[in-house]
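The values are calculated or read from the model by the stated rules, or taken from the named source; none is laboratory data. These numbers come from a predicted model, not from an experiment. Neighbour counts are summed over all protein chains in view; Cβ atoms, including those assigned to glycine, are modelled from backbone coordinates with ideal geometry.
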Amino acid sequence: MSQYQIAVVVGSLRKDSFNRKLADAIVKLAPSEFSFKQLKIGDLPLYNQDDDANQAQSVKRLKADIAAAQGLLFVTPEYNRSMPGVLKNAIDQASRPYGQSAWAGKPAGVLGASVGAIGTAVAQQHLRNVLAYLDVPTLGQPEAFIHAKEGLFDEAGNIGADSKKFLQNWMDRYVAWVKKHAL
C-alpha cells in the first residue's frame, strides 16, 4: 500500500504532449510506496479574485486533490520562455484566497521536456520562483531539462535506455526529498 500520494500537475493539455508522456513514464521509476495522481486542470475557469468567496467546483476539487497529497510533481513544457498559462492559472486558483493556499508546505519536484536543446530550463526557473513564494520546498538538484528526441521513450512508453539512469537518479532524489519534507 502506498504511503505517499503525489499530485502530478502536467502543464500541457495536449493529448500527445511530451510532458504528459514523461509524467506517465517517470512515475514507473518510483518505489511502490509512492502513488501518483495526475490532477485535472483543463476545466478550471480563469482566475478572477472576485470569485475567491465562491470558488468553482473544479477549483475546490483541485484544492482537495492537492490537500490529500504528501507531495507534488510538476511536469511542464516551456511556452514563450515561461510556463504555460494553464499551469499558472492552476497555481493561482489553488493558492487563493490569500492565506488559504493548498500548495504551502508540500514538497515538490519540477521537470519537463521540450524539442529544444535547453529543454524547459527557463519555464522551470519561472515555476521555481512562483513555488518559492508559495512556500513549496522544491528539489533543487538534480535539475532535469530534458531534450525530447528519438529514444526518450521506448515502444511501451517507458523511459528509454539512454535516459533511464539519469531519470532514475532524479526519481530517487525526489523520493528522498518528499520523505524528508512531507508533513
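What residue, of 121, 132, 94, 104, is modelled with pLDDT of 95 or more, over 21 Å from residue 39 (Cβ atoms) and not acidic (Asp, Glu)?
Within the list 121, 132, 94, 104, the selection yields 121.
Would you check if there is a residue in segment 121-136 being surrounded by fewer than 13 Cβ atoms within 10 Å (Cβ to Cβ), basic (Lys, Arg) and not in a loop (DSSP other than H, G, I, E, B)?
no
Restricting to segment 84-103, give me the number of residues that are of a type in the set (D, E, K, R) and under 20 Å from residue 57 (Cβ atoms).
Matching residues across segment 84-103 total 2.
I need the full set of residues from segment 93-120 which are over 22 Å from residue 13 (Cβ atoms) and either in a helix (DSSP H, G or I) or hydroxyl-bearing (Ser, Thr, Tyr) (or both), in order please.
Correct list: 98, 101.
Filter segment 1-55 for residues that are small (Gly, Ala, Ser) and not in a loop (DSSP other than H, G, I, E, B) and give the result.
Result: 7, 23, 25, 35, 53.
Is it the case that some residue within segment 102-116 is more than 25 Å from residue 5 (Cβ to Cβ), of a type in the set (Ser, Thr, Tyr), in contact with a Phe, Trp or Tyr (Cβ under 9 Å, 6 or more places away or on another chain) and in contact (Cβ under 8 Å) with a residue 24 or more places away in the chain?
Yes, the conditions are met somewhere in segment 102-116.
Quick check on segment 137-154: of everything there that is touching a Leu at 6+ places or on another chain (Cβ under 9 Å) and part of a strand (DSSP E or B), which residue is surrounded by the most Cβ atoms within 10 Å (Cβ to Cβ)?
For segment 137-154, the residue satisfying everything is 146.
Give the residue, chosen from 176, 161, 144, 148, that is among the aliphatic types (A, V, I, L, M) and farther than 18 Å from residue 73 by Cβ.
Criteria check complete, one pass: 161.
Output the residue which, of all residues in segment 77-109 that are of a type outside the set (Gly, Ala, Ser), farther than 19 Å from residue 55 by Cβ and out of contact with any strand residue (DSSP E or B) (no Cβ under 9 Å at 6 or more places or on another chain), is surrounded by the fewest Cβ atoms within 10 Å (Cβ to Cβ).
80
Between 64, 90, which is under 22 Å from residue 19 (Cα atoms) and outside any loop (DSSP other than H, G, I, E, B)?
When all the criteria are applied, what remains is 90.
Considering 128, 96, 81, which residue is basic (Lys, Arg) and at positive phi?
Sole residue among the options that is basic (Lys, Arg) and at positive phi: 81.
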